[in-house]
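> Pasting a structure below so you can have a look.
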Amino acid sequence: MLGFCATAPLLDVFSKLAVATISVGEVTVARFIVQTLVMVPVLAIMGLGLRLPRSILPLMAFRAACVVVSTFCFVSAVQVMPIADALAIAFVEPFIVLLWGRFVMHEPVGPRRLIASVVGFAGVLLVIQPSFQRFGAVALWPLGTATAFAAYMLVTRQMAGRLHPVAVQFHTSWIAALIAVVPLALYGQGAFAPSMPGGVEWLWLVGVGVAAAVSHMLMTLAFGMAPTTLLAPLHYFELISAVLYGWLVWGDFPNALAWAGTAVVIGSGLYIIHREAVAARAAPR
């Protein structure tokens, strides 16, 4: 899991480098094309087939659409914002999942977890406030990432056990590539303007896809080897990696208010994880 936390922000680093000269839409498409190509030999090595059961195609397509929106929003954010600030705002996603689970899917959620979610949202506002002053409405893009990724996580729950996790990643990637290329083909302007990469731009685009594939593979391996209750708290180390990479590459470093908000988000998230573990132990078997 720590390997995931170290490699996942590299996806954001390569995205930020690429989007300096390439449109957000093209970076998004490149991520999924490269990720698909990386996953093909992985499937072959693991002896997994390429067949996608028709019964889960609608869920897979929706999952792919969610990750396309999530990626587009986050790349749009880091085009302007420091990676760590954008990621801290996007970490509101677990709170959105919890609230959707409670009010949309009618899952049992106690008052303490609901209160922790509200506190977590307050922490996100602390991060957004200075970012909004500096970057304007761009600071809201990570909220789009969080919302889309929350939907992605919820539909992933519905697919649990129906297909090997690595196969799920592969099929999500190629479907996402098809979805993401549509606005480039039909609109082709602004954030969706296609262009031919040159020189180092190819390295950035390949890096985006490879980092995405490797980080998600590491996460899949981690969840196959250890329980969620152990791994979930480690996810917050991704923020530390994001701060480190942002500082090393661009000299970005969060201000005091952003650090305070990030601490509130992490604290609220860890408390929710703790309460979910308590609820799981108390549930009848």
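Every number here is computed from the coordinates shown, using simple stated rules; none is lab data. Everything quoted here is computed from the prediction, not taken from an experiment. Counting neighbours? That spans all protein chains shown, and the Cβs are built from the backbone with ideal geometry, glycine included.
> If I require 24 Å or longer along the helix axis, counting alpha carbons, and a Kyte-Doolittle average no lower than -1.0, what helices from the chain are left? Use full DSSP H segments.
Flagged H segments are 2-18, 24-46, 57-78, 111-135, 141-159, 165-186, 200-225, 256-282.
> For region 13-70 and region 192-225, write down the distance between their C-alpha centroids in whole Å.
Centre-to-centre (Cα) distance: 9 Å.
> What ranking do 165-175, 146-156, 66-76 get when scored by the average of other Cβ atoms within 10 Å per residue, highest first?
Answer by packing, highest mean first, reads 66-76, 165-175, 146-156.
> Further question on the same structure: Charges on Cβ only, +1 for Lys and Arg, -1 for Asp and Glu, centred on the Cα centroid of region 2-282; of Ala167, Tyr236, Ala213, which one is farthest towards the dipole's positive end?
It is Ala167.
> Among Leu244, Leu48, Leu17, whose mean-square fluctuation peaks in a Gaussian network model of the chain (Cα, cutoff 10 Å)?
Ranking Leu244, Leu48, Leu17 by mean-square fluctuation puts Leu48 first.
> Same structure, new question: I'd like the FRET efficiency for Ile115 and Arg51, computed as 1/(1 + (r/R0)^6) with the beta carbon distance as r and R0 of 30 Å, rounded to 0.05.
That pair, Ile115 with Arg51, gives E of 0.10.
> Ranked highest first by average number of other Cβ atoms within 10 Å, how do 247-254, 234-241, 8-15 line up? Could you put the intermediate results ahead of the total?
Values: 247-254: 13.6, 234-241: 18.1, 8-15: 23.9.
The most tightly packed comes first, giving 8-15, 234-241, 247-254.
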